[in-house]
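Student: Would you mind keeping the following structure in view while I ask a few things?
The values are calculated or read from the model by the stated rules, or taken from the named source; none is laboratory data. From a predicted model like this one, the values you see are computed outputs, not experimental measurements. Don't worry about glycine lacking a Cβ; one is built from the backbone with ideal geometry, like all the others, and counts go over all protein chains shown.
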Amino acid sequence: MAFVVGLRTVLDTVVLTVFICCGLARLARFNATVALVPKDTTGKAHYFEGLPIPSSLGIVSVLAYWTKQGWIAGEEGIPWGTITLWGAEGGSGELHVVSVVFGLWAAAMISSTLRVPKL
């Protein structure tokens, strides 16, 4: 969805690919370590290790809102614009600032030290 909205530079594509791979790794680790997470007497786990996959719906809702507002590529443009890390503007060193959010979210999903309490 982020690609369709307009995150299409080379670096955006790399960040989005890492985001997907981290999501897959998060699901795999959850399946492999679910028995190791401390549980209460009813068998319910106390916390999630890393950010749960359903939390990514927050990003999806932001992208849906941007689409509704017309803040996508080809219309008003993606909020916060782009930064050029190297080379000429519009080249392979350009990155949308919002891609950093995807990168941080990916890191939070695979974090083994982040503990999100279960409600």
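Student: Checking the condition at positive phi and at pLDDT 90 or above, which residue from TRP66, TRP80 passes?
Tutor: On the way: TRP66 fails: at positive phi.
Going through TRP66, TRP80 in turn, just one is at positive phi and at pLDDT 90 or above: TRP80.
Student: Another question, if that's okay. Being in contact with a strand residue (DSSP E or B) (Cβ under 8 Å, 6 or more places away or on another chain) and of a type in the set (Gly, Ala, Ser) is the filter here, so list the residues in the range 91-119 that pass it.
Tutor: If the condition is that a residue be in contact with a strand residue (DSSP E or B) (Cβ under 8 Å, 6 or more places away or on another chain) and of a type in the set (Gly, Ala, Ser), then GLY91, GLY93, SER111, SER112 are the ones that fit.
Student: Could you tell me whether any residue of the range 62-70 is in contact with a helix residue (DSSP H, G or I) (Cβ under 9 Å, 6 or more places away or on another chain) and of a type in the set (Ser, Thr, Tyr)?
Tutor: yes
Student: Report whether or not GLU94 is at pLDDT below 90 and out of contact with any Pro (no Cβ under 6 Å at 6 or more places or on another chain).
Tutor: So GLU94 fails the test.
Student: When the range 28-57 is examined, which residues are found to be exposed (fewer than 13 other Cβ atoms within 10 Å of the Cβ), assigned to a helix (DSSP H, G or I) and more than 12 Å from the chain's Cα centre (by Cα)?
Tutor: Listed by number, the residues that qualify are ALA28, ASN31, ALA32, THR33.
Student: For the range 17-31, does any single residue satisfy the condition of being of a type in the set (Phe, Trp, Tyr) and closer than 25 Å to LEU85 by Cβ?
Tutor: Looking only at the range 17-31, we keep the residues that are of a type in the set (Phe, Trp, Tyr), and these are 19, 30.
Going one step further and asking which of them are closer than 25 Å to LEU85 by Cβ, we end up with 19.
Among the residues of the range 17-31, at least one is of a type in the set (Phe, Trp, Tyr) and closer than 25 Å to LEU85 by Cβ, which makes the answer yes.
Student: Given the condition basic (Lys, Arg) and touching a strand residue (DSSP E or B) at 6+ places or on another chain (Cβ under 8 Å), answer yes or no: does some residue in the range 61-75 qualify?
Tutor: For the range 61-75, residues basic (Lys, Arg) and touching a strand residue (DSSP E or B) at 6+ places or on another chain (Cβ under 8 Å): absent.
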